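Novice: Structure provided below as structure tokens; questions to follow.
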Amino acid sequence: MLQFQEAEHIALLRQTLERFIERDMPREAAREWDRMNHFPRAVHDKLAALGMMGLTIDEEYGGTGRDITATVTVIEQLCARSVSVGGAYIQSACYAGLNLSELASDAQKAALLPRVAAEGLILAYGISEPDVGADVASVRTTATRTEDTLVVNGNKRFCSGAAICDYIYTLVRTGPTDQRHKNLTLLLIPPNAPGVTLLPQETMGLRGVGTYDVHFNNVEISANQIVGGLSGFNAGWPMLAGPGLDIEKLEISAMALGIARAAVEDAWAYSQERFQFGKPICSIQSIRHMLADVKTRLEACRLMTYRAA
Ligand SMILES: Cc1cc2nc3c(=O)[nH]c(=O)nc-3n(C[C@H](O)[C@H](O)[C@H](O)COP(=O)(O)OP(=O)(O)OC[C@H]3O[C@@H](n4cnc5c(N)ncnc54)[C@H](O)[C@@H]3O)c2cc1C
């Protein structure tokens, strides 16, 4: 049977976040981060210290065990105030926490997952390219492998969080193009590696974390940076289509829900305080229709998102 009431631990988590947001993410500060395209690292660090990044990570690596509903709750709450903080949270708890838990080698898990849980380590997705969008198996960025190293060349587009991340989770072609789905590999490339250049793209939304064009010019990385270890070489396609990216749709829905909720709450409050013709505008029938309509859509969005979680 469908449950419309939140579980007790989720309600408590929401209250904790409400207090955190009022104290550490005041409205004026969030407005400034958005205007300046700024990422408040100190707030991100405090969220990690509160244990929020550990919601996707097993206890043996310092997390509290995977809880997708709790993760979605955090995304909704944070994005209702600041997409800069909420976007970086997704890139840490989900991009890093979920993908590395599912796909990394044991050595990579031991080295990186405790850092996600404790420090909020961030991954950026380097998948799209100037001529590659929905059809990701057509990537042209290449990596040529010698014994222990790979040399990466190519261009990525729309790489969100490239300048604040610890690694760019990069999809590269590692063999002949006629085997479209076979010769793909995922790599962890530090954004400050020699030969990596970041060029900011101006965006209307998703500010703070920033979105970048990334150029790789003979970037040399160790074979240890192949996601999944050496067995991950040429095994990128099933990794890409795995559960980590599945949940990405849910992350974006939770982000949209948070943003929409904040907009509806603000519109609702404004309609009660704004007076015209001697009465609040919320008493005008056409305005009431609009408010009722957006609140209905918001509720539908909430039910769908949490049902999927
Ligand atoms: C703000 C922002 C942040 C982003 N962040 C990242 C990121 O961090 N990392 C990353 O790798 N990418 C990122 N992206 C890229 C995003 O994943 C791509 O925009 C997306 O994959 C679509 O690619 P495209 O824009 O090239 O559109 P295209 O793939 O060129 O599609 C154009 C249109 O055709 C439609 N279409 C395409 N193929 C089909 C099909 N088979 N059937 C029906 N319709 C189809 C699409 O729906 C779309 O309407 C970001 C994009 C934006 C806007």
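Every read-out reported here was derived from the displayed coordinates using simple, explicitly stated rules and does not represent laboratory data. Just so it is clear, the structure is predicted and the values come from calculations on it, not from any experiment. Every residue, glycine among them, receives a Cβ derived from its backbone with ideal geometry; neighbour counts consider all protein chains shown.
Novice: What are the ³J(HN,Hα) couplings of the stretch 296-309, residue after residue, when phi is run through the Karplus curve with 6.51, -1.76, 1.60 and θ = phi - 60°? Round to Hz, x for glycine and proline.
Specialist: Per residue, the Karplus-derived 3J(HN,Hα) values read 5, 5, 4, 5, 4, 5, 4, 4, 5, 5, 6, 5, 5, 5 Hz.
Novice: What whole-number value in cubic angstrom gives the convex hull volume per residue for the C-alpha atoms of the stretch 147-272? Walk me through the numbers before you get to the answer.
Specialist: Working: hull volume 15.8 nm³, N = 126.
Dividing the Cα hull volume of the stretch 147-272 by its residues yields 125 Å³.
Novice: Provide the gained length on full extension for the span Lys295 to Asp58, in nm with one decimal, where the gain is 0.36 nm per separating residue minus the Cα-Cα distance.
Specialist: Result: 81.6 nm gained on full extension.
Novice: Between beta-carbons, use under 13 Å as the cut-off and find the net charge around Leu198, counting Lys and Arg +1, Asp and Glu -1.
Specialist: In short, +1.
Novice: Can you order the peptides 91-99, 37-45 by their average number of other Cβ atoms within 10 Å per residue, highest first?
Specialist: Listed from highest to lowest mean packing, they are 91-99, 37-45.
Novice: Between beta-carbons, use under 13 Å as the cut-off and find the net charge around Ala300, counting Lys and Arg +1, Asp and Glu -1.
Specialist: Value of the local net charge: +3.
Novice: I'd like the distance separating the alpha-carbon centroids of the stretch 147-206 and the stretch 17-84, in whole Å.
Specialist: Distance between centres, Cα-based: 26 Å.
Novice: Calculate how steeply helix 106-119 sits against the longest principal axis of the alpha-carbon atoms of the chain, using the helix alpha-carbon long axis, and give the answer as 0 to 90 degrees to the nearest 10.
Specialist: Here the helix axis deviates by roughly 30 degrees.
Novice: I want the local charge near Ala96. Using Cβ-Cβ distances under 9 Å, sum +1 for each Lys or Arg and -1 for each Asp or Glu among the other residues. List each step's numbers first, then the result.
Specialist: On the way: positive: Arg115; negative: Asp166.
Result for the local shell: 0.
Novice: Just want the answer: with Cβ charges of +1 for Lys and Arg and -1 for Asp and Glu, which residue in Leu112, Thr141, Gly258 is farthest toward the dipole's positive end in the chain?
Specialist: Gly258
Novice: Write down the Kirkwood hydrodynamic radius of the chain, to one decimal in angstroms, obtained as one divided by the mean of 1/r over all alpha carbon pairs. Mind showing how you got there, number by number?
Specialist: Values: mean 1/r = 0.0484 Å⁻¹.
20.7 Å is the Kirkwood radius here.
Novice: Sorted by average packing, counted as other Cβ atoms within 10 angstrom per residue and highest first, what order do 105-117, 195-207, 72-84, 272-284 take?
Specialist: The densest-packed peptide leads the list: 72-84, 105-117, 195-207, 272-284.
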